[in-house]
Amino acid sequence: MAAETRYILICSGKGGVGKTTLTANLGIALAKQGVRTAVLDADFGLRNLDLLLGLENRIVYTAQEVLAQTCRLEQALVKHKQQPNLALLPAGNPRMLEWLTPDDMKTIAAMLGDLFDVVLIDCPAGIEDGFKNAVAAAREAIVITTPEVSAVRDADRVIGLLNTEGISPIQLVLNRVRPKMMANQEMLAVSDVTDILALPLLGLVVEDEQVIVSTNRGEPLTLNGANSPAAQAYTNVARRLRGDDVPIVDPSQERQGLRAKISRLMNTKIF
Amino acid sequence: MSLTLRDAINRLLGRQPASASTAKQRLQLVLAHDRSDLNPELLQQMRREILEVVSRYVELDLDEGDVSLATEDRVTALVANLPIKRARDVVLPAPAAGA
């Protein structure tokens, strides 16, 4: 075992903002960059990470069987065929009789530490027991949100809880950015969200239809070197996570042409 | 409170301001409440009592005054902006405080 394993929680508070999509894409991107990565689906009530990774038919065991010692950890890990550096471990299945506890999650995390450099923990929505379980296994966190009032509010709540738990660092990924709406000030600006949440920005993902296509197929965008904006954004998040200095470009400021220039002029503060 | 050229033009034309600034203001307010765990009713009561105490010493412009929660860098502060009309010559007696 080389450097210490990093345990990174991916959470949002609100559902449907892109937690699982980020986990899947980040997992693949890190694996491609040579990082031995485990993705732990802590959302066992409504698990979906298997589906986004195209591994839904290959799950036999879960962390629960590992804990009960009915199987070995290696048997429960589902290795990705094209990216063998990546493995999925579902925490449990929706039909299980006994819920996992925070201590169970810590045990599992420690076991994964022997085999992987990075463990990404896909957190369930909400701030109840499932969230507490997921946090127990984590040391650092990525909070993902969209530039919408409800998502930002829930993210703020989650950040408060992560602070109380001593999780650090906590970084922000802003998802589903619509550059045109942002330029027209009909969507919260990137700086609005980072100011309000007071977190460093780890990545910015523009709204991209290819995300839906990729989930349909069960092949994350980062898998096949797709050149779509979101694919690049996820790859950059992976690189920044590893310490590379990749500048973040605000797409609402980047547009060229007369309309964009007028729009920028309109946004200058006069008072 | 900042104003952009777009906001100014919208205002001149009697149009609603761009929704992003409305979103930001609403968020800041709701987060100040979320973070401090003060419900609006409690805040209202606190506001009344603060005004009451300050009014014993100075005459306030109650139409302009405001006591609210503001939040910056995840720190919530109680901000009171209380324009003073004039000082009171005679300080009103404090309510009996068990002395």
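Could you sort A:152-158, B:3-9, A:31-37, B:53-59 so that the peptide with the highest average Cβ count within 10 Å comes first and the rest follow in order?
Working: A:152-158: 22.1, B:3-9: 16.4, A:31-37: 18.6, B:53-59: 13.1.
Final packing ranking: A:152-158, A:31-37, B:3-9, B:53-59.
Within chain A, antiparallel bridges make up roughly 5 percent of the DSSP beta bridges whose residues both belong there. Residues in chain B average 71 Å² of solvent-accessible surface per residue, probe 1.4 Å, ligands and nucleic acids excluded. Compactness ratio for the stretch B:7-87: Cα radius of gyration over 2.2 N^0.38 Å (N = residue count) comes to 1.36.
Positive end of the dipole of the stretch A:51-122 (Cβ unit charges, origin at the Cα centre): among A:Leu67, A:Leu51, A:Leu89, the Cα lying farthest that way belongs to A:Leu51. When the alpha carbon coordinates of the protein assembly as shown are projected onto the principal axes, the ranges are 84, 66, 36 Å, largest first.
For the stretch B:18-47, a drop of 50 Å² or more in accessible area on going from the chain alone to the assembled protein chains (1.4 Å probe) is found at B:Ala20, B:Lys24, B:Leu27, B:Leu31.
In this assembly, the B-A interface accounts for approximately 2200 Å² of buried accessible surface in total, computed with a 1.4 Å probe and without ligands, DNA or RNA. Atom-type composition of the exposed protein surface of chain A places 49 percent of the accessible area on carbon and sulfur (1.4 angstrom probe). The lysine pair tally for chain A, using Cα distances under 22 Å and a gap of 8 or more places or different chains, is 12.
The values are calculated or read from the model by the stated rules, or taken from the named source; none is laboratory data. Worth saying up front: this structure is predicted, and the values here are computed from it rather than measured. FYI the Cβ positions are ideal-geometry reconstructions off the backbone, even for glycines, and counts take in every protein chain you see. Heads up: the accessible areas ignore ligands, DNA and RNA and are worked out on the full protein's heavy atoms, side chains in. Shrake-Rupley method; radii C 1.70, N 1.55, O 1.52, S 1.80 Å.
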